[in-house]
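The values are calculated or read from the model by the stated rules, or taken from the named source; none is laboratory data. All values reported here derive from a predicted model rather than from experimental measurement. Here the Cβ is made from the backbone with ideal geometry for all residues, glycine too, and neighbour counts use every protein chain on show. The protein model used for the area step is the full one, side chains on, heavy atoms only, and it has no ligands, DNA or RNA in it. Shrake-Rupley method; radii C 1.70, N 1.55, O 1.52, S 1.80 Å.
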Amino acid sequence: MIIIWSIVMYIGQVSKDILKWPRPLSPPVVKLEVRTDAEYGMPSTHAMAATAISFSFLIATMNQYKYPFELGLTAAFVFSTLVCLSRLYTGMHTVLDVIGGALISAVLLVLLYPAWDSIDHLLLTSPFCPLLSIAVPLLLCYNYPKLDYYSPTRADTTTILGAGAGATVGFWLNHQYAAPAYSGENLGFPLITGMTVVLVLARFFTGLFVILLTRQLMKSVVLGTLCYCYKFPISDLEARRRLEVEVPYKFVTYSSVGFTATVIVPLLHGLLGLI
């Protein structure tokens, strides 16, 4: 899912800056978001992400867990549809942007699905996985399409690829030294009791706290280091938007987040007896 998410989002973000289709005019629409208004509109990456995540989750779990396929299909369709409708409601995309994003994701899922097992096997077993997982996304981030004005698309793309890279390295490390990624068993859902709910919540909030702490710590350390190396004050927003600052800042920070989520948090869960 993480690999699919990274690929889909990269293609979507790059497509925006190549096509350069504007967002809906305001008026007549009322825009309820400000940050992403500087980005172009086509395709809707929210629609792409929602479609890719929900349906890749369905495909990946339908043979691993025992649940009605119709229920999973309905949930995936409803989730992706609600996200698409939300982009229209907030005034950030046209109907064409949303339909285009969903269709691009659907095509990518169809094209990538035959290679899922091969990609998984390669990323979990190849000794070159950690190197490639870091080098390829970094290369893509440093060669992101240039615009005439600043847009947050490069920063967002670097964040996504960084998180995906860190998680991929974490999965590889777990597979090599902790536990195989696939058990080969068809699993049922556990009986939900009060203790199960408490355990799930404890795991969730423990993981969330550690991930947020990691992000805040790495942001401070990486940005402070870059400020020192390139001689600019931490409050200089323009300097932080420069390629040589923005890419390493975002990539190192969020690759640390991805690694923490897949390696450090599960280890902590084990130490605390939450597994």
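Please compute the length gained on full extension between residue 212 and residue 176, using 0.36 nm multiplied by the number of residues separating them and subtracting their Cα-Cα distance.
Details: separation 36, 0.36 × 36 = 12.96 nm, distance 2.66 nm.
Length difference between fully extended and current span is 10.3 nm.
Could you work out the percent of alpha carbon pairs in segment 1-63 separated by over 12 Å, rounded to a whole number? Don't skip to the answer; put the middle values down first.
Working: 1384 of 1953 pairs.
The answer is 71 percent, as a whole percent.
Can you give the FRET efficiency to the nearest 0.05 for residue 199 and residue 117, using r as the Cβ-Cβ distance and R₀ = 41 Å? It would help to have the intermediate numbers written out before the result.
On the way: r = 32 Å, r/R0 = 0.77.
So the FRET efficiency works out to roughly 0.85.
Heavy-atom accessible area of residue 198 with all protein chains present, probe 1.4 Å, nearest 10 Å²?
90 Å²
Order the following by accessible area, largest value first: 229, 141. Probe radius 1.4 Å; ligands, DNA and RNA are ignored.
Details: 229 85, 141 0 Å².
Most to least solvent-accessible, the answer reads 229, 141.
Taking DSSP loops as anything outside H, G, I, E and B, show the longest stretch in the chain free of GluC sites (Glu not before Pro) there with at most 15 other beta carbons within 10 Å. Present the calculation step by step, with values, prior to reporting the outcome.
Details: sites that count: 33, 185.
Maximal segment without exposed cleavage sites: 34-184.
Specify, per residue and in Å³, the volume enclosed by the convex hull of the alpha carbon atoms belonging to segment 132-274.
On the way: hull volume 22.3 nm³, N = 143.
Dividing the Cα hull volume of segment 132-274 by its residues yields 156 Å³.
Using the reciprocal of the averaged 1/r over all distinct C-alpha pairs, how large is the Kirkwood radius of segment 74-177 in Å? Present the calculation step by step, with values, prior to reporting the outcome.
On the way: mean 1/r = 0.0606 Å⁻¹.
Radius from the Kirkwood sum: 16.5 Å.
What does the helix-only formula give at 222 nm for the chain: each DSSP H stretch with n ≥ 4 adding -39500 (n - 2.57), the total divided by the residues, and the result rounded to the nearest 500 deg cm²/dmol?
Numbers: 11 runs with 188 residues, N = 275.
After summing the helix terms and dividing by residue count, I get -23000 deg cm²/dmol.
How large is the Kirkwood hydrodynamic radius of the chain, counting all unique pairs of alpha carbons, in Å?
Numbers: mean 1/r = 0.0486 Å⁻¹.
Mean inverse Cα-Cα distance, inverted, gives 20.6 Å.
With the other protein chains left in place, how much accessible area per residue, in square angstrom, belongs to segment 132-274 at a 1.4 angstrom probe? Please report the intermediate quantities before stating the final value.
Numbers: 8310 Å² over 143 residues.
Heavy-atom SASA per residue in segment 132-274 reads 58 Å².
Going by accessible area, probe 1.4 Å, with all protein chains left in place, what is the ranking of 175, 121, largest first?
Values: 175 55, 121 120 Å².
Per-residue accessible area, sorted high to low, gives 121, 175.
Ignoring trypsin sites (Lys or Arg not before Pro) that are buried or in helix or strand per DSSP, and keeping those with at most 11 other beta carbon atoms within 10 Å, what is the longest stretch of the chain between them? Intermediate values should be presented prior to the final figure.
Values: sites that count: 66, 146, 231.
It works out to 147-230.
Divide the volume of the convex hull of the Cα atoms of segment 1-113 by its number of residues and quote the answer in cubic angstrom per residue.
99 Å³
Which of the chymotrypsin sites (Phe, Trp or Tyr not before Pro) found in segment 49-136 are in a DSSP loop and have at most 11 neighbouring Cβ atoms, other than their own, within 10 Å?
On the way: sites: 55, 57, 65, 69, 77, 79, 89, 116, 128; in loops: 128.
Of the chymotrypsin sites (Phe, Trp or Tyr not before Pro), the ones in loops of segment 49-136 whose Cβ has at most 11 other Cβ atoms within 10 Å are 128.
Could you run the Karplus curve 6.51 cos²θ - 1.76 cosθ + 1.60 with θ = phi - 60° over segment 129-136 and give me ³J(HN,Hα) per residue in whole Hz, x for Gly and Pro?
4, x, 5, 5, 5, 8, 5, 5
Which order do 99, 104 take when ranked by solvent-accessible area (1.4 Å probe, heavy atoms of all protein chains), largest first? Walk me through the numbers before you get to the answer.
Values: 99 85, 104 55 Å².
Solvent-accessible surface, decreasing: 99, 104.
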